[in-house]
Amino acid sequence: MGKTPKNLWTAPPTKVLRADPDSSIADLDTRSTPGFTGKKAEGKEQLETRGQVLSDLQELLYANGRSGDPRSVLLVLQGMDTSGKGGMVRHVIGHVDPQGVDHAAFGVPTPNEKRHHFLWRINKALPRGGQLGVFDRSHYEDVLVARVHELVPKKVWKGRYKEINQFEKELVDSGTTIVKVAMFVSLDEQKERLQERLDRPDKYWKYNPSDVSERALWPEYQKAYQAILDRTDTDHAPWYVIPADRKWYSRIAVTELLIDALERLELDWPSADFDIDEEKRRLAES
């Protein structure tokens, strides 16, 4: 076994990254690494070692789910384009067994989805018992994009904050631990990442011309994000604010948040539902 890496966190990420009602995201230093004293190389090393811890805990969750435990964990990833949501799925969730992952990416609602309540498509994608659910964008699009682009009247999107809080409370009460992550990059960093997509043929597929148009609306998006942090950060479903200019930092931060959520479930391996000695005898005689 390799040596245990030094703990480079000055405080638990659950504390240093928790949304602060007195803070403004407009003042957030998106290149900062709150609570982590290491550099990029150390961060990448920690991602690998702690990724194995995450994998072991997720296997425990999956095993318990196979044995009838209804509990699950849901990671909600919100952020502007290029904030690193896709990379989070590859580099963090990529450490765990895909059998135990329920992943959903929410884009523009389809015509059929638009005919239903905004939470209809969300309910259809909730993680099953024993699963680690991942939402790449989520129900929060309906108080972000819908608000900024005035897709629905103000009285409609304003009422959704209360609906979301109630929805998440019911979800938690039913056995789902929710980890909500808001990822923020600077406009300069976003511009560099969009430029890379234009410079590399293997990145063209990730580029959307509308991303440039959305940049002009960033002040409105900041207001919309501030509102969700102010109005939907609850003890049962807290928000964590992640500076995301440094991808290596955002990835280890989310890894730690997931480890914490899984450890708090206090899982153990399910007991055998068969006679172990009898099965050993049968196997030996086979």
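Each value in this text was obtained by applying a stated rule to the coordinates, not by laboratory testing. Values in this document were obtained by computation on a predicted structure and should not be read as measured data. Cβ placement follows ideal geometry from the backbone for every residue including glycine, while neighbour counts extend to all protein chains displayed.
Name the long-range amide H neighbours of Ser72: under 5 Å, sequence gap of 5 or more, or other chain; modelled H, no Pro or chain starts.
Gly130, Thr176, Thr177
Calculate the length of the line joining the C-alpha centroid of region 74-123 to that of region 167-185, in whole Å.
13 Å
Where does each of 148-157, 77-86, 229-238 land if you order them by average Cβ count within 10 Å, highest first?
On the way: 148-157: 13.1, 77-86: 21.2, 229-238: 15.7.
Result, highest mean first: 77-86, 229-238, 148-157.
Grab the other residues whose beta carbon is less than 14 angstrom from that of Pro270, score K and R as +1, D and E as -1, and report the net. All intermediate terms of the calculation are to be shown ahead of the outcome.
Working: positive: Arg66, Arg71; negative: Glu59, Asp69, Glu266, Asp268, Asp273.
Residues near Pro270 contribute -3 overall.
Based only on Cα atoms, what Rg/Rh ratio does region 161-286 have, Rh being taken as Kirkwood's radius?
Working: Rg = 22.8 Å, Rh = 18.9 Å.
My calculation puts Rg/Rh at 1.20.
Suppose R0 equals 41 Å. What FRET efficiency, 1/(1 + (r/R0)^6) with r the Cβ-Cβ distance, do Asp22 and Tyr204 give to the nearest 0.05? Don't jump to the answer; show the numbers that get you there.
On the way: r = 42 Å, r/R0 = 1.03.
Efficiency, rounded to the nearest 0.05: 0.45.
Over the chain, what is the mean sequence separation of C-alpha contacts under 8 Å (at least six apart), divided by residue count, expressed as relative contact order in percent?
RCO, the chain: 32 percent.
How much net charge surrounds Ala284 when only other residues with a Cβ under 12 Å from its Cβ are counted (Lys, Arg +1; Asp, Glu -1)? Mind showing how you got there, number by number?
Working: positive: Lys280, Arg281, Arg282; negative: Asp277, Glu278, Glu279, Glu285.
Taking every Cβ under 12 Å from that of Ala284, the sum is -1.
For a quick protection proxy, order the peptides 272-278, 219-225 by their average other-Cβ count within 10 Å, most packed first. Provide the component values of the computation, followed by the final result.
Numbers: 272-278: 8.3, 219-225: 16.1.
By packing density, highest mean first, the sequence is 219-225, 272-278.
For region 83-198, just say rounded, prolate or oblate: build the C-alpha gyration tensor, square-root its eigenvalues into a ≥ b ≥ c, call rounded for a/c under 1.5, and beyond that prolate if a/b exceeds b/c, oblate if not.
Values: a/c = 1.84, a/b = 1.06, b/c = 1.74.
Oblate, because a/c is 1.5 or more while a/b does not exceed b/c.
Just the Cα atoms of region 1-156, one point each, no solvent: what log10 I(q)/I(0) does Debye give at q = 0.08, 0.12 Å⁻¹?
Here log10 of I(q) over I(0) equals -0.32, -0.70.
With just the Cα atoms defining each centre, how far is region 187-262 from region 136-163? Give it in Å.
What the calculation gives is 18 Å, centre to centre.
Per residue of region 214-231, in order, report the coupling 6.51 cos²θ - 1.76 cosθ + 1.60 (Karplus, θ = phi - 60°) as ³J(HN,Hα) in whole Hz, putting x for Gly and Pro.
Result, rounded to whole Hz: 5, 4, 5, 9, 4, x, 5, 5, 4, 4, 5, 5, 4, 5, 5, 5, 6, 9.
Counting only residues 5 or more places away or on other chains, whose amide H sits under 5 Å from the amide H of Ala105 once H atoms are built in the peptide plane?
Asp136
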